[in-house]
Amino acid sequence: MGSKGCLKLSGIIKKNIDQSLKFVYSDNNSLSVIFHDNNLLMGVVGEFNKNLQELEKITGCSLYSRGNSILIKSTSEKNEKIKNAIQFLANQFINNGSIENKDILSSVDNFMINEKVKNNNVTDIIKTPKKSIIPRSEKQKSYVRALRESDIIISAGPAGTGKTFLAVAVGLTMLLEKKIERIILSRPAVEAGERLGFLPGDMREKVDPYLRPLYDSLYDLFDFEKIQRMIEIGDIEIAPLAFMRGRTLKNSFAILDEAQNATDTQIKMFLTRIGENSKIVVNGDPSQIDLPNKNMSGLVRSKELLGHLKEISIVDFDHSDVVRHPLVSKIVKAYSNND
């Protein structure tokens, strides 16, 4: 059902989600979700009903697309969960023009079950040129607020919890709104358990493999050509941690990624680069330390030493905040239990 590829927003009026949908309850434990816009219905249902089929598979409920509505047949409790999930997916389509598989998974996780999309604080949503980013857990909401309000933010947690992606998104919006003059993205150049040997090329080509995840986040939020241009003129700077010594960062949004591989001295050095009208973000996963001596990692110690300062926000993520494939959360939890 619907045209191929991403459905466009041209036929959708961006208004309150409650005005776009109507819910009709029946006595036989069924619920009809009526759409006032066919483009929105097509976006939520997906091509050949693929989104509904995925939603059925995850929830075990029966869903039917009929005319301009979706019919839900299950228990009263499950009907409400699916209702919230459909609200979430409709909101995603209105904001982004498409629905990805990860959105369907997120629509029925604990956060979406317990909290309706309409109760989301608008200030938590990050609007970037390509898409709007909606925090998907309470920890992610707290993290986004800290990124906007605190001078220094230190976050720790497993892979897939959005630490880097959300920080890059907030930094990019601040740059486009001219609240800052540049974004600085940095990582320690530490090999992940393997020896890569000699890397050819100039300095940028040598360090690029270590910084590739930061590029990926940028390209996911803004056009490739525009990001390249911003890098060329210095609005976005990507550099290894070792190059930060001796600098003072003014009017900047600086992110240190993979900070579990930075020593205590290196993290202290990075934090003390902060200058006027600047923010510094330090992210890492203490369970993935690649340093020869794991005790050299300074991430956990920085949280312990600086957590009492009101200008510094500390955010700790866990497996329940993972927003990648649902298996990632289960893998992280299994390893954590074993450790």
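The table below lists the values:
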| quantity | calculated |
| --- | --- |
| Complete set of residues in the range 125-156 that are among the β-branched types (V, I, T) and either part of a loop (DSSP other than H, G, I, E, B) or touching a Cys at 6+ places or on another chain (Cβ under 9 Å) (or both) | I125, T128, I134 |
| Index of the failed condition, F317 passing every other in (1) exposed (fewer than 14 other Cβ atoms within 10 Å of the Cβ); (2) within 19 Å of the chain's Cα centre (by Cα) | (1) |
| All positions within the range 249-268 that are out of contact with any strand residue (DSSP E or B) (no Cβ under 8 Å at 6 or more places or on another chain) and under 19 Å from R182 (Cβ atoms) | K250 |
| Residues satisfying the stated conditions in the range 290-303, i.e. in a helix (DSSP H, G or I) and over 24 Å from the mean Cα position of the chain (by Cα) | K294, N295, M296, R301 |
| In the range 227-263, residue surrounded by the fewest Cβ atoms within 10 Å (Cβ to Cβ) [restricted to those that are touching a residue at least 60 places away in the same chain (Cβ under 8 Å) and part of a strand (DSSP E or B)] | L249 |
| Per-region count, the range 266-289, residues within 14 Å of V300 (Cβ to Cβ) and outside any helix (DSSP H, G or I) | 8 |
| Selected residue (only one of S150, S155 is at pLDDT 80 or above, in the same structural domain as K310 (by TED's automatic domain parsing), among the hydroxyl-bearing types (S, T, Y) and surrounded by 22 or more Cβ atoms within 10 Å (Cβ to Cβ)) | S155 |
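Matching residues to (1) under 28 Å from H319 (Cβ atoms); (2) at pLDDT 85 or above; (3) buried (at least 20 other Cβ atoms within 10 Å of the Cβ); (4) not charged (D, E, K, R):
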residue: D27; (1), (2), (3), (4): no, no, no, no
residue: V44; (1), (2), (3), (4): no, yes, yes, yes
residue: L63; (1), (2), (3), (4): no, yes, yes, yes
residue: G67; (1), (2), (3), (4): no, yes, no, yes
residue: F111; (1), (2), (3), (4): yes, no, yes, yes
residue: N120; (1), (2), (3), (4): yes, no, no, yes
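The values are calculated or read from the model by the stated rules, or taken from the named source; none is laboratory data. Owing to the predicted nature of the structure, the values given are computational and were not obtained by experimental measurement. No Cβ is skipped: glycine too gets one built from the backbone with ideal geometry, and neighbour counts run over all protein chains shown.
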